[in-house]
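Undergrad: Provided herewith is a single structure, encoded as structure tokens, for subsequent inquiry.
The values are calculated or read from the model by the stated rules, or taken from the named source; none is laboratory data. A quick note: this is a predicted structure, and the numbers were derived from the prediction, not measured. When we count neighbours, we look across all protein chains shown, and the Cβ atoms used for this are built from the backbone with ideal geometry, even at glycine. Side chains included, ligands, DNA and RNA excluded: accessible areas come from the protein's heavy atoms. Shrake-Rupley method; radii C 1.70, N 1.55, O 1.52, S 1.80 Å.
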Amino acid sequence: MSVETLFVVFAGAALITFGLRALPFVLFGRSKEVPAVVRRLGDLLPFAVIAALVVYCLKDLTTNGLAMNLKTLLAVAVVSGMHLWKKNTILSVAVGTVCYMLLLRI
């Protein structure tokens, strides 16, 4: 691929990303009321995303691999405990990820 083609592809991706980020501000500026369905989605989607991540992370648990299951479940317990303690999602996920990576090395 030539440099010009790469530039066009990256510029197009940047413009599309910027447009998608700016679209809510254009549609729902300060003068317009946000529709109830959009507010409802804003309330529900964070929980749906977390639920999907939990299902994805725990889908591979088996009944015969106790050591790996124990490591995964311990990391889940660390994330849950950290979130209940600090109420900070990013911190909980970061600490849980570090814990899981350390457990995999044991």
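Undergrad: Anyone know which of P35, P46, P24 comes out most mobile in the 10 Å Cα GNM of the chain?
TA: Checking each option, the largest mean-square fluctuation is seen for P24.
Undergrad: Principal axes first, then extents: for the Cα atoms of segment 1-48, list largest minus smallest coordinate on each axis, whole Å, largest first.
TA: Taking max minus min along each principal axis of the Cα atoms, segment 1-48 gives 47, 29, 10 Å.
Undergrad: Counting only the heavy atoms of the protein chains, how much of I106 is accessible to a 1.4 Å probe, in Å² to the nearest 10?
TA: Solvent-accessible area, nearest 10 Å²: 150 Å².
Undergrad: A follow-up question, please. Can you give me the distance in nm between label points at L41 and L66, each placed 7 Å from the Cα along the Cα-to-Cβ direction?
TA: Modelled inter-label distance: 4.7 nm.
Undergrad: What does the accessible area of T97 come to, in Å² to the nearest 10, when a probe of 1.4 Å is used?
TA: Around 70 Å² of this residue is reachable by solvent.
Undergrad: Same structure, new question: Give me Rg over Rh for segment 42-91, both radii from the alpha carbons and Rh done the Kirkwood way, two decimal places.
TA: Across segment 42-91, the Cα-based Rg/Rh ratio is 1.04.
Undergrad: For M101, M82, write out the residues from largest to smallest accessible area, computed with a 1.4 angstrom probe and no ligands counted.
TA: Solvent-accessible surface, decreasing: M101, M82.
Undergrad: Please work out the C-alpha center-to-center distance from segment 1-31 to segment 38-85 and express it in whole Å.
TA: Taking the Cα centre of each part, segment 1-31 and segment 38-85 sit 33 Å apart.
Undergrad: Compute and list, largest first, the equivalent-ellipsoid semi-axes of segment 11-82 from the alpha carbon gyration tensor, each √(5λ) rounded to a whole angstrom.
TA: Gyration-tensor ellipsoid for segment 11-82: 39, 17, 10 Å.
Undergrad: Hey, another quick one. Which one, L70, L84, L20, has the greatest fluctuation when you compute a Gaussian network model over the chain with C-alpha springs under 10 angstrom?
TA: L20
Undergrad: How much solvent-accessible surface does V98 expose, in Å² to the nearest 10, with a 1.4 Å probe and all protein chains in place?
TA: Spelled out: V98, probe radius 1.4 Å, area about 80 Å².
Undergrad: Per residue of the chain, what 222 nm ellipticity follows from adding -39500 (n - 2.57) for every DSSP H run with n ≥ 4, rounded to the nearest 500?
TA: Result for the chain: -28000 deg cm²/dmol, rounded to the nearest 500.
Undergrad: With a cut-off of at most 13 other beta carbons within 10 Å, and DSSP calling the residue loop, which trypsin sites (Lys or Arg not before Pro) in segment 1-42 qualify? Please list them.
TA: Counting only loop positions with at most 13 other Cβ atoms within 10 Å, the trypsin sites (Lys or Arg not before Pro) in segment 1-42 are R30, K32.
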